[in-house]
Amino acid sequence: MKTLRTIREIRRELAGGARVGLVPTMGAFHEGHLALFRAAREDCDTVVVSLFVNPTQFGTNDDLSRYPRDEAHDAKLAEAAGVDVLFAPSVEEMYPDGYATWVDVEETGAEGTARPGHFRGVATVCLKLFNIARPQVAYFGQKDAQQAAVLRRMIRELNIELDLRVVPTVRDVDGLALSSRNAYLSEEERHEALALPRALEAGRAAHVEGSDPVAAARAALNGLEPEYVELLDLDGVTLLAAAARVGSTRLIDNVILEVPRQASAWLGRADQGELT
Ligand code: AMP
């Protein structure tokens, strides 16, 4: 595996006709990231992983300065998962002095409302990464389902030739969705955080029985104060999504409630997902 830091180097490396799969990340790799790398490895000739803690998607009160970083460890995990190129640019490489161009997908609700400016930063950096690596396929996790939907919209509305695949959420054995931010949790907080996936499961069970999933999820939060518990319609797929702070750590999660037949491609690999 090669680690490259400049746009010029990665362009040179990827010149040629290979089918490129790109996995954008912010590092601190866990099994959730590795599932995306493996999906790309299965489909593509060249697997590119970007490792960039993108400052423009963090709000002023967010955790940019304490975000976990361990590039050497990440490089080992990526190499073992069959990644060909790790693209780890500096902030200056991505946003040179005087940088002034932004992509604003006007997403409201859930994360769009809770984190103003977040999706603008995400869309901007992802469009830059798409233009830099020119992948045929890009891989994103269901854990950040709204992010995947925002990027699908950008791809569609800006006429980008790119296939976006969503990979199902990877969870710990106890149900907590893996996240780089879980590293912030104390043992006690880690235990409290379990209320989030359990509440979403309660919501899903209520939905199956024909009752209100949002009310059921709220009732099962076990004292966790949610930022939101919302139904999302993402390209026809209905999800129940929630965000909550556990101590100072902000966690998000979602479960799929319904995937109409015509929207089943939303997940890319619905047969392996949480749909069964
Ligand atoms: P991040 O490094 O947190 O920005 O995440 C990079 C990519 O990994 C995003 O597309 C996330 O949705 C995805 N991802 C993060 N956690 C998980 C998980 N537990 N399962 C599946 N994908 C994930």
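The values are calculated or read from the model by the stated rules, or taken from the named source; none is laboratory data. All figures in this text were calculated on a predicted structure; none of them were measured in a lab. Positions of Cβ are backbone-derived with ideal geometry, glycine not excepted, and every protein chain shown enters the neighbour counts. Ligands, DNA and RNA are excluded from the accessible area calculation, which covers all protein heavy atoms including side chains. Shrake-Rupley method; radii C 1.70, N 1.55, O 1.52, S 1.80 Å.
Output the residues belonging to the range 1-27 that are of a type in the set (V, I, T) and in a strand (DSSP E or B). Scanning the range 1-27 gives T3, V20, V23, T25.
Just to be sure I understand the filter: pairs with C-beta atoms under 6 Å, separated by 6 or more residues or on different chains, first member in the range 170-198 and closer than 22 Å to Y67 by Cβ and in contact (Cβ under 8 Å) with a residue 24 or more places away in the chain, second member of a type outside the set (A, V, I, L, M) and part of a loop (DSSP other than H, G, I, E, B). Which pairs pass? From residues that are closer than 22 Å to Y67 by Cβ and in contact (Cβ under 8 Å) with a residue 24 or more places away in the chain, the pairs are A177/T169; L178/H30; S180/P68; A183/P68; E189/G247. Scanning the range 215-237 for residues that are under 24 Å from H191 (Cβ atoms) and open to solvent by less than 50 Å² (accessible area, probe 1.4 Å) yields a count of 8. Based on this model, can you work out whether L196 counts as more than 20 Å from L232 (Cβ to Cβ) and under 20 Å from the mean Cα position of the chain (by Cα)? No; evaluated as a whole, the condition is false for this residue.
Condition first: among the hydrophobic types (A, V, I, L, M, F, W, C), under 24 Å from V167 (Cβ atoms) and either within 16 Å of the ligand (Cβ to nearest atom) or touching a Cys at 6+ places or on another chain (Cβ under 6 Å) (or both). Can you find one or more residues in the range 60-70 that meet it? No: the range 60-70 contains no residue that is among the hydrophobic types (A, V, I, L, M, F, W, C), under 24 Å from V167 (Cβ atoms) and either within 16 Å of the ligand (Cβ to nearest atom) or touching a Cys at 6+ places or on another chain (Cβ under 6 Å) (or both). The single residue among E107, E93 that is over 19 Å from the mean Cα position of the chain (by Cα) and farther than 20 Å from H33 by Cα turns out to be E93.
Scanning the range 28-52 for residues that are of a type in the set (D, E, K, R) and assigned to a helix (DSSP H, G or I), we see that the one that is nearest to the ligand (Cβ to nearest atom) is E31.
Scanning the range 28-79 for residues that are among the hydrophobic types (A, V, I, L, M, F, W, C) and open to solvent by 40 Å² or more (accessible area, probe 1.4 Å), we see that the one that is nearest to Y95 (Cα to Cα) is L64.
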